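FYI, it's all coordinate maths here, none of it is from the lab. Keep in mind that what you see is a predicted model, and the values were worked out from it rather than measured. Virtual Cβ from ideal backbone geometry, glycine too; neighbours counted across all protein chains shown.
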Amino acid sequence: MRIDRVVLDTNVLISAIHLPYGKPFACLNWVLDNATLIASRELLDELESRLARPKFAKYVDEPRRRAVIADLGLSAVQVELTLNP
């Protein structure tokens, strides 16, 4: 089975950012090396807002948070979410 495109859950991304060298970090790196990461503006906004929460802010300061979001935005193919009536 070949995996071409992958969407990672916000919780996986938070764990990857918060705990480098853990399994979520390895998963993110595998996706970046072997597949196409798919993200929406909504997912990146959610990730940014979650990382700004006090429980995460003490581990990821604002400059790093902005850099990570920007890097993910550049690394991922961004898709637009639409509603199907």
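Just a few scattered comments:
- DSSP-loop trypsin sites (Lys or Arg not before Pro) across the stretch 1-52, with at most 16 other Cβ within 10 angstrom: ARG2
- Dipole magnitude of the stretch 1-42 about its Cα centre (Cβ charges: Lys, Arg +1; Asp, Glu -1), debye to nearest 20: 40 debye
- Estimated inter-spin distance, TRP30 and ASP45, nm [label 7 Å along Cα→Cβ]: 3.1 nm
- Per DSSP, loop chymotrypsin sites (Phe, Trp or Tyr not before Pro) in the stretch 1-61 with at most 15 further Cβ within 10 Å: TYR21, TYR59
- Here is the list for the chain: GluC sites (Glu not before Pro) lying in DSSP coil, each with at most 12 other C-beta atoms within 10 angstrom of its C-beta, are GLU80.
- 5 angstrom amide H check on LEU8, placed H, neighbours 5+ away: ILE38
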